1. Which of GLU81, GLU150, GLU187 comes first, and how do the rest follow, when ranked by fewest Cβ neighbours within 10 Å?
2. Want the number for ASN117 to THR132: 0.36 nm per residue separation, take away the alpha-carbon distance, what's left?
3. By the gyration tensor of its Cα atoms, with a ≥ b ≥ c the square roots of the eigenvalues, what is the shape of the stretch 161-211: rounded for a/c under 1.5, prolate for a/b over b/c, or oblate?
4. List ARG149, ARG61 from most exposed to least, where exposure is judged by having the fewest other Cβ atoms within 10 Å.
5. If you stretched the chain out fully between ILE103 and PHE139, how much longer would it get, using 0.36 nm times the residue separation minus the C-alpha to C-alpha distance?
6. With each pseudo-label sitting 7 Å past Cα toward Cβ, what's the LEU41-GLU150 distance in nm, one decimal?
Amino acid sequence: MPQIKKNFLLSLLALVISINCFTQDFTEEFENLINTEKPSLLPEKMLITQRILWGEKGLFRKTGIAKLSLENREKELIVREKMLKAHQIIGYITFAGMIYQGILGGKMYNGDYSVYNTHKTLGKVVTASYFTGAGLSLFTPPPLVSREREGLNNIKLHKIFANIHIPAMIITNVYADKQHQDDKYREIHKVSAYTAFASYSFAMISIILDF
């Protein structure tokens, strides 16, 4: 139990250190926008999920929910900032849950099935928080400009690891119930769970780093 508390406190400490690393500086972005003679309201590059909702011909534009205008883009950048901060907070809560989940999973693999119900319930909670956090990142309004830097950097690393832990998380859940049917399924569930945890951990570390 002390080790679990220690890991949880370390996760919270990392949250405090990195809470502003991934979010955009809204004030600076908006000042750049209003000081431009002919402002570009949308970046050239954005995620496909962002383009579907927030693109020039996105769902929110066509339905009139959020028309593409200077005033609305100001509001969208505020929403973006809040969504990305929520994404970080939920991410660290998910990480703490993953640590505890791994401890319980290790006990089960060593033959202690008294924690099975707790492990299963926590698995559902972690899954819900994980995909909620992912959704907040994928569907957030786009920034004003694409800030891609050449070479390897912390944001690119974060995306690379995300491309690993997202499918690993899906596979882990697919085989969560099947693991009791066959040892092969059990091994797939175990490997995918550890892969998801490891890549998720590196994804968070990459955000803390700044290079």
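1. Exposure proxy ranking, most exposed first: GLU150, GLU187, GLU81.
2. Full-extension gain reported as 3.1 nm.
3. Prolate, because a/c is 1.5 or more and a/b exceeds b/c.
4. So the residues, fewest neighbours to most, are ARG149, ARG61.
5. 9.7 nm
6. 3.3
All of the numbers you see were taken from the coordinates with simple rules; none came from a lab. Worth saying up front: this structure is predicted, and the values here are computed from it rather than measured. Here the Cβ is made from the backbone with ideal geometry for all residues, glycine too, and neighbour counts use every protein chain on show.
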